[in-house]
There are 4 protein chains.
Amino acid sequence: MEIGEIVLLKTEYMGKSREYVATVSYDSFHTDLGIIDMDILLDKEPGDTVTSHLNHEFHIRKLRTPDIFNHAKRTGAPMMPRDIGIIITNTGINKNDVVLDVGTGTGILAMYLGSVAKRVVTYESNEEFFKVSRKNINSLGSDNIELRHGNFVDEIEHINEQFDVITLDTVDAGKIVPYTVNLLRPGGYLAAYSPFFEQTKQIREAADNTNFIEVSTVECIERNISFTERGTRPASSRVGHTGFITIART
Amino acid sequence: MEIGEIVLLKTEYMGKSREYVATVSYDSFHTDLGIIDMDILLDKEPGDTVTSHLNHEFHIRKLRTPDIFNHAKRTGAPMMPRDIGIIITNTGINKNDVVLDVGTGTGILAMYLGSVAKRVVTYESNEEFFKVSRKNINSLGSDNIELRHGNFVDEIEHINEQFDVITLDTVDAGKIVPYTVNLLRPGGYLAAYSPFFEQTKQIREAADNTNFIEVSTVECIERNISFTERGTRPASSRVGHTGFITIART
Amino acid sequence: MEIGEIVLLKTEYMGKSREYVATVSYDSFHTDLGIIDMDILLDKEPGDTVTSHLNHEFHIRKLRTPDIFNHAKRTGAPMMPRDIGIIITNTGINKNDVVLDVGTGTGILAMYLGSVAKRVVTYESNEEFFKVSRKNINSLGSDNIELRHGNFVDEIEHINEQFDVITLDTVDAGKIVPYTVNLLRPGGYLAAYSPFFEQTKQIREAADNTNFIEVSTVECIERNISFTERGTRPASSRVGHTGFITIART
Amino acid sequence: MEIGEIVLLKTEYMGKSREYVATVSYDSFHTDLGIIDMDILLDKEPGDTVTSHLNHEFHIRKLRTPDIFNHAKRTGAPMMPRDIGIIITNTGINKNDVVLDVGTGTGILAMYLGSVAKRVVTYESNEEFFKVSRKNINSLGSDNIELRHGNFVDEIEHINEQFDVITLDTVDAGKIVPYTVNLLRPGGYLAAYSPFFEQTKQIREAADNTNFIEVSTVECIERNISFTERGTRPASSRVGHTGFITIART
C-alpha cells in the first residue's frame, strides 16, 4: 500500500466487531486496543493483518463507500444509501458527469456522488455543517469534491459552468428549483429530496413552473428480511420513511 | 458532436412524446416522421434541434442511462433502476471498481454498472439473451463491458482476476454463491437479486455457509406520489414487488 | 330457506365462475343461463343446488358481507374492506353500538357497519348517490341502517341522539369534525377517511382544535402474496394506496 | 351504571395519562393515586368523574375493545387490531355468526370476535396461555366466548356444530386446515394468520389440497403518519411486518 491510502482496520473485541478508519503514513495510530505503526502497511495489502503494540490483530480492508457512510461524523440525519441509489440510477449519474449538490450537510451524498461522478461541486451555507463535511471529505479521501461555503442562491452569479445533474437536499429546495434549470445541460436531471409532503409539494410546483419535464416523485420503503430458524419474514422493525425524491429533466 | 456519439432525438407527434436513439454518422436515420441525415449533427450540440426531410423537428439530447433503460431491447423483466441503485450504494460501486456480473439478461444491470465502474465482466449462458444483450450493449455504447457467453460455473477456472463487487441475477444464484468468495477482493461485496423467497433463502444459506460476513437482505417498495388539483397522495397503482437484494461481504 | 332471504347463486360457465344475488320469493329469477323459480329454494338450504329451466346448476350460498362488497352498485370507489376493518377494530365497533356515518356513497361502509353494529344512521347529500345506496341497502338486506338524504351539517340540529362511533368519508370531513364531538358518547370514537394529504391535514387540525384526544392517522398498504410453482413473492401488482384513516377519541 | 359493568378510569399524573380497568361493585379499587369506592359509580354515567380517598379525580369511560387490547395481560405478541380488522371484513364476520378460533393465545382475537359475533368457541392447548386468556376474557367481560382447554385436532370428534368462520393463529395452522373444511357452513370462511413465509406456504398448500376456493393471502403494512410543525410525513418508526393472512372459502 502507499502513503495516503485510507484503510479500514477491522477486529473483534469481547465478541463484538470493531472498525477503525486510518491512513497509511509514517505516524502511529492510537486505538483502545493498542498503537499501530501505520508505515507497516507499506508492505501490506488489503486482506493482510497488522498487529498493535498490545499484540492485538487487525484485518486490513480497502475502504469502500458504505464504510464512509458508517464512519463519517454526522451533524444530522444523512441521506440513506437507498435514496442515494435511487437518485444515481434515476438520473443516470456516471463517471463522465459533473454534479452540483446543494445542501452538503454531513457530506455523505457528496461523497457517494464523488465516488461515481467525475467531479462534484457542493454548497453548504451553515458554517458548522460546512466544517464537519469538510473534515469528512478530507479524512475519507474524496479528491474530486469541491466544497464551497455559502448560500447557493447568493453565489449563483459566480457559477459559470454547466452540470449534468443537480441534487438538492435542503429545507428551501422549492425556492432553489427555479435557479437550477439554466445550470443544467440539455437532457440533464434535477433530483430534490425532502422528508415532508409540504416541501415536496413546493418542489413539484416549482418544477412545473420552471419548464422542467418528466417530473415524478417517488418514495422508497425499504424492508429488511429476517431469516431465522423459526422462519423467514419481513423484519418487524427498522423500516421507515426517509424522504420523497423528486426527479425532473430539462 | 462526433462520429459514433449516441444521441436521443426527442419530438412530439399528435400530442404525444416520441424518442429515438440514433448514432452520429454519415448514414441517414429513418423514422416514421421522416429521414434525418445524421452527419448534420456534426455541427450540432445537445440542446440544438435537427429537422427531417419531412420538415419535422427533433430535439437533440445527450443519451443518459435512464434512456438506455427505456430503449434497450428486452428478453424478460430487467432489474429496475431502484434495485440497481440499492446495489450500487450498498456495495459502494465506484469508478475504480472492476465488477463481475453473472446473468446478463437484457444487459440493463451491466450497462448501469458499466456507466459507474471502471470495467464490467458479465456472463450469460442463454444464447438468445446473450445475443440481445450484446446488441443492446453495442448499440447503446458501453465500451468497458466485456460480455461473455457461457455458464459461469463451468468457466470459473479460466477467470484469473479479482473483483471488487460481484452481482448475481440468475435463477441458480444460490448455487453460484460459494464460487464467488474467492474471486472477491478483501472487503469486496456480493449482491444477489431474486424475486422469490425460496431463492433468496438459498442465497442466504449459501452465503452463511461460505464465510461471507455482514449478510443482509432488503426489499425496496417504491411508491409514486401523485400531485393533482384534487390533492396529493401515494399513487394507487404501479407499486409492486420486484425482488429481494442480498448483500454480503468478504 | 324463507321468503325474503337473500342468497348467492354460484355456478361456472365456460370455465369461469359466475355469481348472482337473488331473493327467495314466489317470483322467477332471470339469468343468461336460464330462469330459476325462486320458491324452489323454500325447500333448500345453503350448500344445496338449484337448477334453471335450461338445466344449468347453481350452488346456493348464504350471502356474506364480502359478497355485498362485490355485488353492490357503485357510484365511485367505495372504501376497501381493509380500511373498513381498521376502522372497526381501532374504534372497537361492536354489536351494542349505534354508529353515525357521514357520506354514505355507495353504502358499502354503512352495510359493513350495519352487519356489526346495533344500528347505523347514515347521511348522503348527493341525490344520485343517495338513490344508489338506498337500492344497495334495500336489495342486499340490511334492516338496521337508517339512510337519510340531506346535508349533515344542515340537519345536525334535528339529531338528538348520541353515538358510540362516528365515521366520515366525505371531501369536507375537516369542516364536519367540529360538529361531531357533541354527538359522541364519552369515550366514543371518530374515524375519518381521506385519500389525500391535504384533506387529512384539515381533519387533524380540526380534531386538535376540538378537544379530541388520542388522535392518530394510519395508512394500510395491503400486499397480495403470490404462490406459484416458480416461487413465493409479494405480487407485483394490485398494491396501492387507498386512503388515510384518522382516529380520535372523546 | 350497574353492578358488574366494566369501566375505564382515566386520569393524569405528573403530566402523563394513566388508565385503570375496574368493575362497578361494592368493593373498593386500589390505585397508586388512592382508593376508589366502586359503588359510587352506581350513581354515575360514563363522562362523569369519580374521586379517590386521596382526592385524585378520574374520568369514567365506557370500556371499548381497543381498551381491552391495551389492558389485557399478554403471554406473547397478540394479533394487532389492523390484522383482526382485515379478518373481520374479508370474512364478513357479523352479529349472526358463530366463530371457531383455534389458538386463543392471550385471547385478544377471541375478544374482538366476541364483540362482533353472536358466539365464539376458542381452543388453547397450552395451559399457561389458557389460564391467562381465561383471566382476560373473564375480567374484561366477554360473556359469549366459550374458552376450551385442549388440542383442537384431538377434540375435533366432539365438535358437533357448524361455524360461519374459523380463525387459526397457531404454529401448526397448516396441519389444522384440512380438519376445518367440514366444520364450516357452505360459503363460510377460513382465516389463518402466520408471521412466517414457510408457515404461510404450508397453509396455502393445505387449503389448495382441501378443496377450499377463493384462496388468497395478504399482508398489511401499517404506517403512522406524523403531523408536526415541521411538516407531514410517514413516521420513521413503528412500521412493520406482523403477519400474513390467508383467507379461503368453502
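The values are calculated or read from the model by the stated rules, or taken from the named source; none is laboratory data. All values derive from a computational prediction rather than experimental measurement. Glycine also receives a Cβ, built like all others from the backbone with ideal geometry; neighbour counts cover every protein chain displayed.
Restricting to the range D:21-36, name every residue that is part of a loop (DSSP other than H, G, I, E, B) and either among the polar types (S, T, N, Q) or within 14 Å of chain C (Cβ to nearest Cβ) (or both).
Answer for the range D:21-36, where residues must be part of a loop (DSSP other than H, G, I, E, B) and either among the polar types (S, T, N, Q) or within 14 Å of chain C (Cβ to nearest Cβ) (or both): just D:SER25.
Here is a list: A:ILE137, A:ILE86. Which entry is at the interface with chain B (Cβ under 9 Å from one of its Cβ atoms), surrounded by 24 or more Cβ atoms within 10 Å (Cβ to Cβ) and touching a strand residue (DSSP E or B) at 6+ places or on another chain (Cβ under 8 Å)?
Every option except A:ILE86 fails the conditions.
Go through (1) touching a helix residue (DSSP H, G or I) at 6+ places or on another chain (Cβ under 7 Å); (2) at pLDDT 95 or above and name the single condition D:PHE130 misses.
D:PHE130 satisfies all of (1) touching a helix residue (DSSP H, G or I) at 6+ places or on another chain (Cβ under 7 Å); (2) at pLDDT 95 or above except (1).
Filter the strands (runs of 3 or more DSSP E) completely within the range C:37-110 down to those with at least 1 residues that are touching a helix residue (DSSP H, G or I) at 6+ places or on another chain (Cβ under 9 Å) and among the acidic types (Asp, Glu).
C:98-102
Okay, residues lined up against (1) closer than 25 Å to B:LEU184 by Cβ; (2) charged (D, E, K, R):
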| site | (1), (2) |
| --- | --- |
| A:GLU5 | yes, yes |
| A:MET14 | no, no |
| A:LYS44 | yes, yes |
| A:THR51 | yes, no |
| A:ASN55 | no, no |
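Could you check the range D:110-123 and list, in sequence order, the residues that are touching a strand residue (DSSP E or B) at 6+ places or on another chain (Cβ under 6 Å) and crowded, with 24+ Cβ neighbours inside 10 Å?
D:ALA110, D:LEU113, D:GLY114, D:ALA117, D:VAL120, D:THR122, D:TYR123
Have a look at C:GLY150, C:GLY187, C:GLY231 and point out the one that is touching a residue at least 24 places away in the same chain (Cβ under 8 Å), surrounded by 16 or more Cβ atoms within 10 Å (Cβ to Cβ), on the phi > 0 side of the Ramachandran plot and not hydrophobic (A, V, I, L, M, F, W, C).
C:GLY187
For C:ASN160, are the conditions met, namely being modelled with pLDDT under 95, more than 9 Å from every other protein chain (Cβ to nearest Cβ) and within 24 Å of D:THR232 (Cβ to Cβ)?
no
With the checklist (1) at the interface with chain C (Cβ under 8 Å from one of its Cβ atoms); (2) surrounded by fewer than 20 Cβ atoms within 10 Å (Cβ to Cβ); (3) modelled with pLDDT of 90 or more; (4) more than 26 Å from the chain's Cα centre (by Cα) in hand, flag the one item B:SER236 doesn't pass.
The one condition B:SER236 does not meet is (3).
Conditions (1) polar (S, T, N, Q); (2) farther than 24 Å from B:THR200 by Cβ; (3) modelled with pLDDT of 95 or more, marked per residue:
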| position | (1), (2), (3) |
| --- | --- |
| D:THR180 | yes, yes, yes |
| D:ARG185 | no, yes, no |
| D:TYR193 | no, no, yes |
| D:THR200 | yes, no, yes |
| D:ILE213 | no, yes, no |
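Please determine whether any residue of the range B:235-245 is more than 30 Å from C:PHE227 (Cβ to Cβ) and in the same structural domain as B:THR75 (by TED's automatic domain parsing).
Within the range B:235-245 (the criterion being more than 30 Å from C:PHE227 (Cβ to Cβ) and in the same structural domain as B:THR75 (by TED's automatic domain parsing)), the answer is no, since none of the residues qualifies.
Taking the range B:47-58 as the search range and keeping residues that are within 13 Å of chain A (Cβ to nearest Cβ) and free of Cβ contacts under 8 Å to residues at least 40 places away in the same chain, which one is nearest to the chain's Cα centre (by Cα)?
Only one residue fits best here, namely B:GLY47.
On the basis of being over 24 Å from the mean Cα position of the chain (by Cα), modelled with pLDDT of 90 or more and within 14 Å of chain C (Cβ to nearest Cβ), does B:GLY231 make the cut?
yes
What number of residues within the range D:64-83 satisfy the criterion of being in contact with a Pro (Cβ under 9 Å, 6 or more places away or on another chain) and either surrounded by 18 or more Cβ atoms within 10 Å (Cβ to Cβ) or within 21 Å of D:LYS118 (Cβ to Cβ) (or both)?
Adding up the residues that qualify gives 5.
Scan A:ARG74, A:ARG61 and give me the residue that is at pLDDT below 95 and within 14 Å of chain B (Cβ to nearest Cβ).
Being at pLDDT below 95 and within 14 Å of chain B (Cβ to nearest Cβ) holds for just one of A:ARG74, A:ARG61, which is A:ARG61.
Residues B:ILE166, B:ILE225, B:ILE176, B:ILE221: which one is under 22 Å from the mean Cα position of the chain (by Cα), hydrophobic (A, V, I, L, M, F, W, C), within 14 Å of chain C (Cβ to nearest Cβ) and closer than 27 Å to A:PRO234 by Cα?
B:ILE221
Exactly one condition in (1) over 30 Å from C:GLU214 (Cβ atoms); (2) of a type outside the set (Ser, Thr, Tyr); (3) crowded, with 21+ Cβ neighbours inside 10 Å is not met by C:ILE93; state its number.
(1)
Output the number of residues of the range B:218-247 satisfying the condition of being in a strand (DSSP E or B) and in contact with a helix residue (DSSP H, G or I) (Cβ under 6 Å, 6 or more places away or on another chain).
8
Confirm whether A:LEU100 is crowded, with 17+ Cβ neighbours inside 10 Å, away from chain B (no Cβ under 13 Å) and touching a residue at least 40 places away in the same chain (Cβ under 8 Å).
Yes.
Does C:VAL7 satisfy the criteria of being among the aliphatic types (A, V, I, L, M) and modelled with pLDDT under 95?
Judged against the criteria, C:VAL7 is a match.
Which one of A:VAL120, A:VAL99, A:VAL50, A:VAL116 is modelled with pLDDT of 95 or more and over 30 Å from B:SER115 (Cβ atoms)?
A:VAL50
Among the residues of the range A:193-218, count how many are within 22 Å of the chain's Cα centre (by Cα) and within 12 Å of chain D (Cβ to nearest Cβ).
Matching residues across the range A:193-218 total 5.
Taking the stated definitions as given, is C:ILE203 in a helix (DSSP H, G or I) and farther than 26 Å from C:LYS118 by Cβ?
yes
Quick one: in the range D:1-56, of everything that is surrounded by 12 or more Cβ atoms within 10 Å (Cβ to Cβ) and of a type in the set (Gly, Ala, Ser), which residue is farthest from C:PHE163 (Cα to Cα)?
Filtering the range D:1-56 for residues that are surrounded by 12 or more Cβ atoms within 10 Å (Cβ to Cβ) and of a type in the set (Gly, Ala, Ser), the one farthest from C:PHE163 (Cα to Cα) comes out as D:GLY34.
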